[in-house]
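See below for the structure under consideration.
A short reminder: the numbers here are calculations on the coordinates, not readings from a lab. What you see is a predicted model; the values in this text were computed from it and never measured. When we count neighbours, we look across all protein chains shown, and the Cβ atoms used for this are built from the backbone with ideal geometry, even at glycine.
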Amino acid sequence: MKHTLTILGKNDGRPKSGYTVKMHAYSTGSSGYSGSALYSYTDNSDGTYYADITTAVKGTIVITTPSSSSVLVPSNWIGTFFPGDNQPNIAPGGSTP
């Protein structure tokens, strides 16, 4: 399933491109993630980033600044469940197709 996110500038709230965005496996350690990246996001050059999640995973989004000077781990993206292509879609009313 395609997962899209937007990075907004802290000072002006405008979409920002040029970042490196990756998803790592969730870990209960202090950083909230471990191991190498499971998915790398593509930068659309308009502040939006996307990845095709093929297998459902509990992951953490890790963002590296364009200058590679700092790594950001937004608290709202730590230990999030990302449904993959292997998950059934649930139709309105709760039944599966």
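At a glance:
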item: Net charge of neighbours whose Cβ lies under 12 Å from the Cβ of K2, counting Lys and Arg as +1 and Asp and Glu as -1; result: -2
item: Cα→Cβ-extended label distance, 7 Å offset, between A25 and D85, nm; result: 2.1
item: Net +/- balance of residues flanking T65 in space, Cβ distance below 14 Å, scoring K and R +1, D and E -1; result: +2
item: Formal net charge of residues neighbouring D85 (Cβ-Cβ distance under 12 Å; K, R +1; D, E -1); result: 0
item: Segment T55-R14, length gained on full extension (0.36 nm per residue, minus Cα span); result: 11.6 nm
item: Cβ crowding within 10 Å averaged over residues, with 58-69, 9-20 ranked highest first; result: 58-69, 9-20
